[in-house]
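**Q** Structure incoming, see below.
The values are calculated or read from the model by the stated rules, or taken from the named source; none is laboratory data. The shown structure was predicted, so the numbers you read here are calculated from the model rather than taken from an experiment. Ideal geometry is used to build each Cβ from the backbone, glycine not excepted, and the neighbour counts take in all protein chains shown. Calculation scope for accessible area: heavy atoms of the full protein, side chains included, ligands and nucleic acids excluded. Shrake-Rupley method; radii C 1.70, N 1.55, O 1.52, S 1.80 Å.
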Amino acid sequence: MNSKAYYGKFGGQFVAESLMNTLEELDQTFEAALKDPAFLEEYRYYMEQYVGRETPLYYAKRFSETYGTNIYLKREDLNHTGAHKINNVIGQILLARRMGKRKVIAETGAGQHGVATATGAALFDLECTVYMGEEDMKRQALNVMRMEMLGAKVVCVRSGSNTLKDATNEAIRTWAKTAEDTFYVIGSAVGPYPYPKIVREFQSVISREAKRQFFEKQHKLPDVVMACVGGGSNSIGMFADFIGDRDVELIGVEAAGKGIETGEHAAAMAEGRPGTLHGMYSYLLQDTDGNIKLAHSISAGLDYPGVGPEHAYLKDSGRAQYVSVTDAEAMDALMELCRLEGIIPAIESAHALAYAMKKAKTMTMDQNLIVCLSGRGDKDVHTIADYLAGKAYLN
Amino acid sequence: MNRIEERMALLKQKNEKALITYLTAGLPDLEGTKALMRAQEEAGVDVLELGIPFSDPIADGPIIQEASYQSICRGTNLKKVFRLMEEIRSEGVEIPVIFMMYYNTILNYGIEAFAAECRAAGVDGVIVPDLPFEEQGALQAALEKEDKAILIQLVSPVSGARIPAILEHARGFVYCVSSMGVTGQAGVFHQEVLSYLKEVKAVSKIPVMMGFGIRTPEDIAPMKEIIDGAIVGSHFIRLLEQSDYSTKAAKEYCSNFKQNI
């Protein structure tokens with residue numbers, strides 16, 4: 001056992017033998033890059049000039065007054081490509097260049113990570129292939145078109161549930177065959193070590209900025225920090241710099257889909273058992289035979305039956321709390337933010353907002369809550385329209 | 001002595017190459033699987049790999065993915081395959097059997113319970129394609145405690161410097177994954193596979209088998225002098241599907257392969 005690959009008992013490298021040297025090479029490249037001022041400067045340059053960082057920490061005044069505590073939104077939706085995913089993609093693509101790889105592959109659920117990868121590949125002139133489940137391609141047709149406009153090839157995955165889990169399987173299979181010249185850009189804080197560490201590092205810019213921005217306004221720490229959790233990339237980024245501040249309550253919000261009791265949900269922490277999938281040991285939704293169950297969520301980005309290993313560790317150690325909200329609660333929160341603040345959030349982010357609304361009621365106007373608004377909802381308008389028209393969502 | 005190791009010793013004594021085949025457990029159904037196992041033993045197959053179906057078989061191509069999915073749909077699970085093993089052993093089938101499976105299926109069953117059940121049901125070996133050397137500690141310890149089934153080690157053409165450590169305590173045989181897709185690859189590529197197999201053979205104290213992408217005895221002709229046998233998976237599964245799981249077709253294919261290897 002390679003102890004650096006673990007967060008407590010979670011994490012590891014459950015991959016084919018043929019990928020072990022690739023993972024080692026990636027880890028060495030990453031560690032060297034973090035110590036290389038030129039690499040860090042290049043990353044910072046693209047974050048500032050291309051992505052548009054830093055993003056505001058916006059005080060949502062009307063939202064706060066309505067729900068009874070001070071609510072700040074970390075505006076990752078204002079990033080280039082519309083979500084936090086680009087923070088990590090630029091970092092990983094710079095690593096790919098450093099390793100001399102000319103091709104990148106990625107999996108995508110909501111399409112945000114696929115769009116971000118296609119964007120980064122266009123920017124750095126790399127060949128890009130994105131694996132996407134057939135079901136997700138239907139509900140995120142706009143993002144499929146964006147990826148294709150950016151020059152990426154989108155491969156439709158028709159196996160299992162036709163969603164993110166299966167797209168990830170296919171990306172891993174392709175990677176195992178082509179790792180010599182191909183870099184796998186993983187979009188969430190999942191996968192074999194060192195991926196969870198890499199994604200966390202590149203996403204931790206969210207909490208580094210938020211902490212400083214909040215301190216500049218209030219000269220103290222927030223009381224609560226909250227983010228939605230699918231695989232857990234925006235949430236680990238939002239938590240990272242606050243983990244050592246024991247007084248800051250960290251809350252991850254999973255998708256309860258149609259309700260935990262219906263069995264149709266994506267709450268790996270609430271209902272899952274530890275197991276191995278996609279190279280990691282973590283909480284997973286699985287049946288009595290150990291087969292991975294299908295996740296259900298109205299949000300394609302949260303429709304994943306597992307969760308990143310560091311989140312599993314934060315849950316077991318008690319440092320973070322994980323809760324869940326239903327499709328209906330998330331959609332209500334989405335509409336509420338539209339009306340109160342003129343911001344259309346991604347359905348993923350609306351899960352965090354929905355729990356923020358509940359949590360705020362237990363807080364006072366002397367307290368402060370930061371919610372990671374991980375993405376914008378433009379990509380979701382078709383899903384929102386269907387939902388509002390009362391069409392039962394098929395998944 | 002373990003059945004796999006006994007068979008390896010016998011092959012060495014007879015100066016024969018091994019034929020190892022892969023079968024997805026539960027296809028066409030559990031009784032059909034037993035019939036196919038018997039047919040293969042009669043056809044002279046040396047070791048049988050029995051695939052335990054899993055929902056997310058990331059190391060498998062489309063043919064075995066589909067077979068695995070079909071088997072799950074028919075209700076196959078690890079417990080039922082253990083029962084199948086007990087039955088077939090009590091019926092006198094002595095062919096060495098290896099479970100090819102994903103780690104989550106073992107974790108779900110419980111590592112210690114799994115190792116104990118392997119002993120009880122007459123399973124001789126386990127191959128876990130998503131469990132690299134570094135992660136094998138817990139399973140290896142449980143299997144050693146039972147002192148029956150052995151963990152078969154996989155190496156790949158890019159394993160390089162990892163090979164000696166992987167092989168140091170390996171038992172049974174080494175499973176060399178070739179990146180050879182189909183026959184007729186470019187000569188350069190063949191050269192790379194050959195030098196990799198030579199490298200493994202040079203450090204291995206146990207027989208060296210090659211698998212992935214093998215369809216006919218001719219496919220392994222270029223490396224015949226280096227390896228000790230071949231593993232046929234996807235191609236055999238496809239052949240079974242096409243023949244509606246005919247034991248006759250399975251037998252013909254296997255005995256022909258074994259004779260011409």
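**Q** List every residue pair whose Cβ atoms sit under 6 Å apart, with the two residues 6 or more apart in sequence or on different chains, where the first one lies in the stretch B:119-147 and is in contact (Cβ under 8 Å) with a residue 40 or more places away in the chain and over 23 Å from B:LEU84 (Cβ atoms) and the second, anywhere, is among the hydroxyl-bearing types (Ser, Thr, Tyr) and surrounded by 18 or more Cβ atoms within 10 Å (Cβ to Cβ).
**A** B:ASP130/B:TYR102; B:ASP130/B:TYR103
**Q** Moving to a separate point now. Quickly run through the stretch A:283-317 and pick out the residues that are polar (S, T, N, Q) and more than 11 Å from every other protein chain (Cβ to nearest Cβ).
**A** To start, the set of residues in the stretch A:283-317 that are polar (S, T, N, Q) comprises A:286, A:288, A:291, A:297, A:299, A:317.
Selection gives A:SER297, A:SER299, A:SER317.
**Q** May I ask you to say which residue of B:LEU19, B:LEU48 is open to solvent by less than 10 Å² (accessible area, probe 1.4 Å) and closer than 20 Å to B:GLU87 by Cβ? If you could, list the steps in order and put the result at the bottom.
**A** Numbers: B:LEU19 fails: closer than 20 Å to B:GLU87 by Cβ.
One residue alone meets the criteria, B:LEU48.
**Q** What are the residues in the stretch B:128-160 that are among the aliphatic types (A, V, I, L, M), more than 7 Å from chain A (Cβ to nearest Cβ) and in a loop (DSSP other than H, G, I, E, B), if any?
**A** The initial filter retains those residues of the stretch B:128-160 that are among the aliphatic types (A, V, I, L, M), namely B:128, B:131, B:138-139, B:141-143, B:149-152, B:154-155, B:158.
With more than 7 Å from chain A (Cβ to nearest Cβ) added as a condition, the list becomes B:128, B:138-139, B:141-143, B:149-152.
Result: B:VAL128, B:ALA149, B:ILE152.
Results for (1) in contact with a Phe, Trp or Tyr (Cβ under 8 Å, 6 or more places away or on another chain); (2) in the same structural domain as A:VAL225 (by TED's automatic domain parsing), shown as yes or no for each residue.
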{"residue": "A:PRO56", "(1), (2)": "no, yes"}
{"residue": "A:TYR59", "(1), (2)": "yes, yes"}
{"residue": "A:THR66", "(1), (2)": "no, yes"}
{"residue": "A:THR69", "(1), (2)": "no, yes"}
{"residue": "A:GLY91", "(1), (2)": "yes, no"}
{"residue": "A:ILE105", "(1), (2)": "yes, no"}
{"residue": "A:GLN112", "(1), (2)": "no, no"}
{"residue": "A:ALA116", "(1), (2)": "no, no"}
{"residue": "A:LEU123", "(1), (2)": "yes, no"}
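Let's see how each residue does on (1) open to solvent by 10 Å² or more (accessible area, probe 1.4 Å); (2) within 22 Å of A:THR288 (Cα to Cα); (3) more than 14 Å from chain A (Cβ to nearest Cβ); (4) not aromatic (Phe, Trp, Tyr):
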site: B:MET85; (1), (2), (3), (4): no, yes, yes, yes
site: B:ARG89; (1), (2), (3), (4): yes, no, yes, yes
site: B:MET101; (1), (2), (3), (4): no, yes, no, yes
site: B:THR105; (1), (2), (3), (4): no, yes, no, yes
site: B:GLY110; (1), (2), (3), (4): yes, yes, no, yes
site: B:ALA113; (1), (2), (3), (4): yes, yes, no, yes
site: B:ARG119; (1), (2), (3), (4): yes, no, yes, yes
site: B:GLY122; (1), (2), (3), (4): no, no, yes, yes
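**Q** Next up: Scan the stretch B:99-116 for residues that are in a loop (DSSP other than H, G, I, E, B) and without any contact (Cβ under 8 Å) to a residue 24 or more places away in the chain and report the count. Lay out the reasoning, then the answer.
**A** Here is the first cut: in the stretch B:99-116, the ones in a loop (DSSP other than H, G, I, E, B) are B:101-102, B:110.
Pick out the ones that are also without any contact (Cβ under 8 Å) to a residue 24 or more places away in the chain and you get B:110.
Of the residues in the stretch B:99-116, 1 are in a loop (DSSP other than H, G, I, E, B) and without any contact (Cβ under 8 Å) to a residue 24 or more places away in the chain.
**Q** Only one of A:SER324, A:SER349 is of a type in the set (S, T, N, Q), in contact with a strand residue (DSSP E or B) (Cβ under 8 Å, 6 or more places away or on another chain) and within 29 Å of B:SER55 (Cβ to Cβ). Can you tell me which? Steps first, please.
**A** On the way: A:SER349 fails: within 29 Å of B:SER55 (Cβ to Cβ).
Just a single option satisfies the conditions, and that option is A:SER324.
**Q** Out of the stretch B:145-170, which residues are surrounded by fewer than 15 Cβ atoms within 10 Å (Cβ to Cβ) and closer than 13 Å to B:ILE111 by Cα?
**A** Within the stretch B:145-170, just B:LYS145 meets the criteria.
**Q** Here is a further query. Need the failing condition index for A:VAL199 against (1) touching a residue at least 40 places away in the same chain (Cβ under 8 Å); (2) within 14 Å of chain B (Cβ to nearest Cβ); (3) touching a helix residue (DSSP H, G or I) at 6+ places or on another chain (Cβ under 9 Å), just the number.
**A** Here A:VAL199 clears every test but (2).
**Q** Pull up the stretch A:1-33, narrow it to residues that are under 24 Å from the mean Cα position of the chain (by Cα) and of a type in the set (Ser, Thr, Tyr), then point me to the one that is nearest to A:ASN169 (Cα to Cα).
**A** It comes out as A:THR22.
**Q** A follow-up question, please. Can you spot a residue in the stretch B:39-50 that is more than 15 Å from the chain's Cα centre (by Cα) and at the interface with chain A (Cβ under 10 Å from one of its Cβ atoms)?
**A** No: the stretch B:39-50 contains no residue that is more than 15 Å from the chain's Cα centre (by Cα) and at the interface with chain A (Cβ under 10 Å from one of its Cβ atoms).
**Q** Please verify whether B:ASP60 is within 14 Å of chain A (Cβ to nearest Cβ) and not aromatic (Phe, Trp, Tyr), treating the condition exactly as stated. If you could, list the steps in order and put the result at the bottom.
**A** Details: within 14 Å of chain A (Cβ to nearest Cβ): yes; not aromatic (Phe, Trp, Tyr): yes.
The answer is yes for B:ASP60.
**Q** Restricting attention to the stretch A:302-330, report how many residues are in contact with a Leu (Cβ under 8 Å, 6 or more places away or on another chain) and either without any contact (Cβ under 8 Å) to a residue 60 or more places away in the chain or not aliphatic (A, V, I, L, M) (or both).
**A** 6
**Q** Next up: Filter the stretch A:149-181 down to the residues that are crowded, with 24+ Cβ neighbours inside 10 Å and free of Cβ contacts under 8 Å to residues at least 40 places away in the same chain, then identify the one that is farthest from the other protein chains (Cβ to nearest Cβ).
**A** A:ALA152
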